[in-house]
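Just so you know, all these numbers are worked out from the coordinates, no wet-lab data involved. Predicted model only: the values in this text are computed from it and were never measured. Methodologically, a virtual Cβ is constructed for each residue, glycine included, from the backbone with ideal geometry; neighbour enumeration extends over all protein chains shown.
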Amino acid sequence: MLEIAAVFITITALFAWFNYRFLKLPATIGVMCISLLASMLLIALSHAGFDGITDWAEAWLGQINFNTLLMDGMLSLLLFAGALHVDFHKLKRYRYSIGLLATVGVVISTVVIGSAAWWLFATFHIAVPYLYCLVFGALISPTDPIAVLGIMRSAGAPEDMEIKIVGESLFNDGVAVVVFTMMLGAANATEALTVTHSAMLFLEEAGGGILLGLVMGYVAYWMMKSIDQYQIEVLVTLALVLGGYTLATHLHVSGPISMVIAGLFIGNRGREHAMSDTTRRYVDGFWELIDEILNAVLFVLIGLELLLIPFEWSYLIVAGPIIVVILVTRLLTIGLPIAILNRCVHFRHGTTRVLTWGGLRGGISVALALGLPESDYRNTMVMVTYIIVLFSILVQGLTIGGVVRRVLSQDAKKS
């Protein structure tokens, strides 16, 4: 395991250096582009008869369980790090729109995308049961703000747009994982898909995650407040994440939601009342580094997964229309709540456009797809998910900066 980690960290460092030195793309997108090109090169060499290094790379990657690595390892650290730097007072101002997008929006997205996928699969004579299409809708619904945040900041995106997309993404990741688990249980006939049972299961996992996050956050806050030693306080936050996520798993409550709540608690109340200036500086620096390093590793791994995914060009015909459905669904689930809430909460002109195009799909969708049990349609869902994620990160991620600048320019002309 240590050898795999050493090789992977070395590759990530080399790709990150090359991107910063020559390509100058946003960090996460840049390293993913390089890893994709490396995968394509290895595949081309294999077809040309030079398959020794490709076989080694595939065997090496095959030792990494992407689903376990992300869902049981990296996700807790990434969500806590993301929530740690969110201003709760600003988040609270948009709580209704963020709450609607992260709950009702995820459910609507799951049903609409799943239904559209079922119809498209049937149209192209690909047999996938409807319940598994709903599973697909759930795994493709969570948005990933990681790749887009740096671009939005460099484009000068205002804080109100940034806080909406971060807040929504932090919470809808946890909600989508809960919905995915429910849909997968129903598809495998291990859970009853009734409104009452689904609502109780959702409340148990999501509500339990919120409660556990608050309790763990308060315990960590009390420990940090009782001392002034930054080394120990940083260690306490790390223990909160790793130990808390493990505890959430054993208690069968949502680990992602508990990490978001704990991160918000420590990042706001803890920062204000339990940390000295020195502790604040070290805690922020530590978690910023964790965030940047893990995201670089994650996006390199997404690019290299091309070597293991049974890719077929024919699935582009299915993935293309689904991408359109995803964007239209996101436009509606964002536009309608904003139109309703705009009477009592002011939303900047162009917010709907930015949030629609900035709702990237990323590592969580790929991890959930790769974690599906073996079946006749697993490869289909993995391939379509991978194509959608690549489009989302490469096309939407590389153009969102231009969308933000255009919206701000139009806003400036109107004012």
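Scan the chain and report its longest stretch carrying no chymotrypsin sites (Phe, Trp or Tyr not before Pro) that are both in a DSSP loop and have at most 15 other Cβ atoms within 10 Å.
Excluding the exposed sites themselves, the longest stretch runs over 125-415.
GluC sites (Glu not before Pro) within region 267-364: which are DSSP loop residues with at most 12 other Cβ atoms inside 10 Å?
Qualifying residues, ordered by number: 312.
What lysines does residue 92 reach when the alpha-carbon gap must be under 27 Å and sequence neighbours fewer than 8 apart in one chain are set aside?
Output for residue 92: 164, 225.
With springs only between Cα atoms under 10 Å, which of 47, 273, 349 fluctuates most in a Gaussian network model of the chain?
In this elastic network of the chain, the residue with the biggest mean-square fluctuation among 47, 273, 349 is 47.
For region 48-152, what class follows from the C-alpha gyration tensor (a ≥ b ≥ c being the square roots of its eigenvalues): rounded when a/c is under 1.5, otherwise prolate if a/b is larger than b/c, else oblate?
Taking the square roots of the gyration eigenvalues as a ≥ b ≥ c, region 48-152 is oblate.
Under 10 Å, Cα contacts only: if you run a Gaussian network model on the chain, which one of 170, 84, 45 comes out with the highest mean-square fluctuation?
Per the Cα network of the chain with a 10 Å cutoff, 45 tops the list.
With springs connecting C-alpha atoms under 10 Å apart, model the chain as a Gaussian network and identify which of 115, 254, 46 has the largest mean-square fluctuation.
For the chain, modelled as a Gaussian network with Cα springs under 10 Å, the answer is 46.
When a footprinting reagent is the concern and you count Cβ atoms within 10 Å, what order do 360, 139 take, fewest first?
Ranking 360, 139 by Cβ neighbours within 10 Å, fewest first, gives 360, 139.
Quick one: net charge around residue 128, please, counting Lys, Arg +1 and Asp, Glu -1 for every other residue with C-beta under 13 Å from its C-beta.
0
Just check the chain against the gyration tensor rule for me: Cα atoms, a ≥ b ≥ c as the square roots of the eigenvalues, rounded for a/c under 1.5, and otherwise prolate or oblate depending on whether a/b exceeds b/c.
rounded
Using the alpha-carbon centroid of each, what span in Å lies between region 306-320 and region 231-275?
Between the Cα centre of region 306-320 and that of region 231-275, the gap is 38 Å.
Grab the DSSP H runs of the chain that are 4 residues or longer, score each as -39,500 (n - 2.57), total them, divide by all residues and round the 222 nm result to the nearest 500 deg cm²/dmol.
Value at 222 nm, helices only, nearest 500: -24000 deg cm²/dmol.
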